[in-house]
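Comments concern the structure below.
Values in this text are rule-based calculations from the coordinates and carry no lab data. Keep in mind that this is a model prediction, so the values were computed, not measured. All Cβ positions, even for glycine, are placed from backbone atoms using ideal geometry, and neighbour counts span all protein chains on display.
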């Protein structure tokens, strides 16, 4: 998470530790039964940051990743419009597959499809498998070209 964020978002050296702490906080909130607390994380740094700075950085990181995920999902959805073989899939299935694939690409270490996502989308990963693989193959073919869609989404501001 940290490397992707720092790759695309310039951070001053005095905020680098804050990005690391915030990433630990986000990871613990996702993965652990008992998440790390803000006071315990701040104590690790000798209270170099205020109680306000950590939640602000958390919001910044989460907004950043949502933006990246959104752009990639839109891009993948538009790709499916270029191939008439996608007519065999329901539009909701294509959209869910684009989100699934975008989530995999955004962070391969994270589980891309949670129970909550399954509930909201109405699809289990097994029901999306064929469409996701089809979209993945299409993405591989198209990414070798430098077409309109790549230029459209490459030039978006992060």
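Simple spin-label estimate for residue 83 and residue 119 gives 3.3 nm between the two label positions (7 Å along the Cα-to-Cβ direction from each Cα). When peptides 78-87, 39-48 are sorted by average Cβ neighbour count within 10 Å, with the highest value leading, the order is 78-87, 39-48.
Would you please classify the overall shape of segment 2-63 from the alpha carbon gyration tensor, given that a ≥ b ≥ c denote the square roots of the eigenvalues, rounded means a/c under 1.5, and beyond that prolate means a/b larger than b/c while oblate covers the rest?
Oblate shape, in that a/c is at least 1.5 and b/c is the bigger or equal ratio.
Ranked by the mean number of other Cβ atoms within 10 Å of their residues, highest first, the peptides 32-38, 131-137 fall in the order 131-137, 32-38. Packing, as the average of other Cβ atoms within 10 Å across residues, places the peptides 11-18, 88-95 in the order 88-95, 11-18, highest first. Net length available on complete extension from residue 137 to residue 90 is 15.1 nm, with 0.36 nm assigned per residue and the Cα-Cα distance removed.
What list do you get for 57, 24 if you sort them by fewest beta carbons within 10 Å?
Ranked by crowding around the Cβ, least crowded first: 24, 57.
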